[in-house]
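Laboratory data are not the source of any read-out in this text; all were calculated from the coordinates shown. All figures in this text were calculated on a predicted structure; none of them were measured in a lab. Counting neighbours? That spans all protein chains shown, and the Cβs are built from the backbone with ideal geometry, glycine included.
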Amino acid sequence: MKEYKSYVKATSDIFIKYMFGLDTKKSNHLVLSFINSVLQDSDFPAITKIIHKNPFNYKEFADDKLSVLDIEVEDENHKLYNIEVQSSGDTHFRNRALYYWAKLYTSQSREGDIYDNLLPTIGINILDFTLFPELTAYHNFFVITEGRKREYILTDQLIIHFLEISKINDKEMSSKIAGWLLYLKIEGKNKEMLKILLESDEDLRSAHEMYKAFNSNDKLRQYALSREKAENDRKHFLHIAKKKGKLEEKHNSLIRLLELKYSLSDDEKEHILSVTDFNKLDAVLDAVVLARDKENILKLLE
């Protein structure tokens, strides 16, 4: 593989989108392998076929370096899967994961539709941080159960999986999902361990080939690095604003974040500067990364 000063992390959301989201035979096989590793580890039956609902398209997100990149697929049993990778976060991500699940679930509904036609929806979250320090397992999943009789499940329509890469042991190769998480953890970092891992798994060898192809594409690699920088800037601005708690800092951070995603007119900047409600500003700062358009963000300030 060609040597670069900066490699894209295997946990980069754009690489995951590229590896699992291309509508090609290799990509389809890899996303099937990954989903089945999650299902197998949670004692659910394997699937054999997927249909991409939002295939990889560079042009759709090239202008928005804070856009959310995820993978949506449907299997042969008409179940929907949403795969997302998150590089950092805190306990609030539990709510964010539920929000993503709800958006995909409710997006199926149209006026006049019958609720019986809604498809079961499974969220799979790949986390490069620890979300559940109180739990030792690197794979945890959640369903809705009765409060007193936990064995009674309300519905199969909601399942949310969390995969915490930080908890995977560097020598953990006991299961398919462990292999996938270890691969994402060490790709581009530990050549010796990676070599051992790839020798035992053909799917991971294919993933490695896609990783090399991604890094060899200057446009994709530079875009991924610029997304990483934009995300680091976002976290920096949020940290400063929340730490200082000053109105001016919150205004400046929000304007900077919005200008990372969109252009702002002078009137829009003035509108932001006119808001003095700290709670509103905090809510908007947290919501920027989820926003699909600038107008919805600015409405939150009204």
For the chain, take the longest principal axis of its alpha carbons; what is the angle in degrees between that and the long axis of helix 218-244, to the nearest 10 within 0 to 90?
50
Of the DSSP beta bridges with both residues in the chain, give the percent that are antiparallel, rounding to the nearest 5.
50
Only loop residues by DSSP count here, and only those with at most 10 other Cβ atoms within 10 Å; note down the trypsin sites (Lys or Arg not before Pro) in the range 36-95 that meet that.
none
Multiply the residue gap between GLU192 and ALA213 by 0.36 nm, knock off their C-alpha separation, and tell me the result in nm, one decimal place.
5.5 nm
Would you work out the relative contact order for the chain, in percent, from Cα pairs under 8 angstrom that are 6 or more residues apart?
18
Mean ellipticity per residue at 222 nm, deg cm²/dmol - from DSSP H runs of n ≥ 4 across the chain, formula -39500 (n - 2.57):
-15000 deg cm²/dmol
Full-extension gain between THR276 and ARG150, please, as 0.36 nm times their residue separation minus the C-alpha to C-alpha distance.
40.8 nm
If Lys and Arg each add +1 and Asp and Glu each add -1, what is the summed charge of the other residues whose beta carbon sits under 13 Å from the beta carbon of SER265?
-4
Of LYS171/LYS191; LYS191/LYS261; LYS79/LYS219; LYS17/LYS235, those spanning more than 25 Å from alpha-carbon to alpha-carbon:
LYS191/LYS261; LYS79/LYS219
Candidates (1) 46, 45, 43; (2) 58, 54, 38; (3) 58, 51, 43; which is the computed Cα extents along the principal axes in Å?
(2)
Could you work out how far the C-alpha centroid of the range 6-55 sits from that of the range 128-148, in angstrom?
22
D (Stokes-Einstein, µm²/s), Kirkwood Cα radius, the range 245-299, 1.567 mPa s at 4 °C:
117
Give a residue-ordered list of calculated ³J(HN,Hα) values for the range 152-157 (Karplus: 6.51 cos²θ - 1.76 cosθ + 1.60, θ = phi - 60°; whole Hz; x for Gly, Pro).
8, 9, 4, 7, 9, 6
